[in-house]
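The values are calculated or read from the model by the stated rules, or taken from the named source; none is laboratory data. Quick caveat: nothing in here was measured; it's all calculated off a predicted structure. With ideal geometry, Cβ positions are generated from the backbone for all residues, glycine too; neighbour counts draw on all protein chains shown. The protein model used for the area step is the full one, side chains on, heavy atoms only, and it has no ligands, DNA or RNA in it. Shrake-Rupley method; radii C 1.70, N 1.55, O 1.52, S 1.80 Å.
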Amino acid sequence: MPLDLTKHFAAVPTEFKLRNNTGCSWKVTVKLMNGRVTLDQGWATYAVVHQIKIGYMVTFKLLTPDTLKVIIFDDDGIKVVNKCGKHDEAFATKE
């Protein structure tokens with residue numbers, strides 16, 4: 001995640017809710033590593049479930065202090081729309 005992200009927080013949250021373009025939510029833990037914010041537990045599963053591939057671009061928009069909107073673009077720059085499928089119960093959030 002960009003270093004600028006930390007300027008939006010008094011303290012970086014330990015968890016973010018990721019919301020995709022269809023409204024599904026997913027939780028991931030956050031870790032500070034070498035001064036950078038990294039998505040930790042839950043991110044690898046999110047990437048697999050949402051079929052993020054090498055060459056795809058992922059954008060994050062801060063919606064609330066603990067929620068990021070995630071938009072995924074494929075390697076042709078086309079927005080990927082993922083329907084809510086079976087989420088790992090450990091990481092799917094209930095709205």
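Summed over the stretch 8-54, the residues that are among the aromatic types (Phe, Trp, Tyr) and farther than 14 Å from Thr64 by Cα give a count of 3. Within the stretch 1-18, can you find the residues that are open to solvent by 70 Å² or more (accessible area, probe 1.4 Å) and at pLDDT 80 or above? Within the stretch 1-18, Thr14, Glu15 qualify. Search the stretch 21-34 for residues being at pLDDT 85 or above and under 19 Å from Leu5 (Cα atoms), and hand back the single one that is least open to solvent (accessible area, probe 1.4 Å). For the stretch 21-34, the residue satisfying everything is Val28.
One residue stands out among those in the stretch 35-53 that are of a type outside the set (Ser, Thr, Tyr) and more than 20 Å from Asn21 (Cα to Cα): the one that is surrounded by the fewest Cβ atoms within 10 Å (Cβ to Cβ), which is Gly35. Taking the criterion of being closer than 21 Å to His8 by Cβ and polar (S, T, N, Q), the residues of the stretch 35-74 that qualify are Thr38, Thr59, Thr64, Thr67. Checking each residue in the stretch 3-39 for being outside any strand (DSSP E or B), within 17 Å of Lys61 (Cβ to Cβ) and touching a helix residue (DSSP H, G or I) at 6+ places or on another chain (Cβ under 8 Å) picks out only Val12. Take the residues in the stretch 64-76 that are open to solvent by 50 Å² or more (accessible area, probe 1.4 Å) and either at pLDDT 90 or above or small (Gly, Ala, Ser) (or both); name whichever of them is nearest to the chain's Cα centre (by Cα). Among those residues, the one meeting the criterion is Lys69. Selection of the stretch 59-77 for residues being in contact (Cβ under 8 Å) with a residue 24 or more places away in the chain and assigned to a strand (DSSP E or B) yields Phe60, Leu62, Leu63, Thr67, Leu68, Lys69, Val70, Ile71, Ile72.
So in the stretch 25-34, with the set limited to residues that are hydrophobic (A, V, I, L, M, F, W, C) and under 12 Å from the mean Cα position of the chain (by Cα), which one is nearest to Thr14 (Cα to Cα)? Only one residue tops the list, namely Val30.
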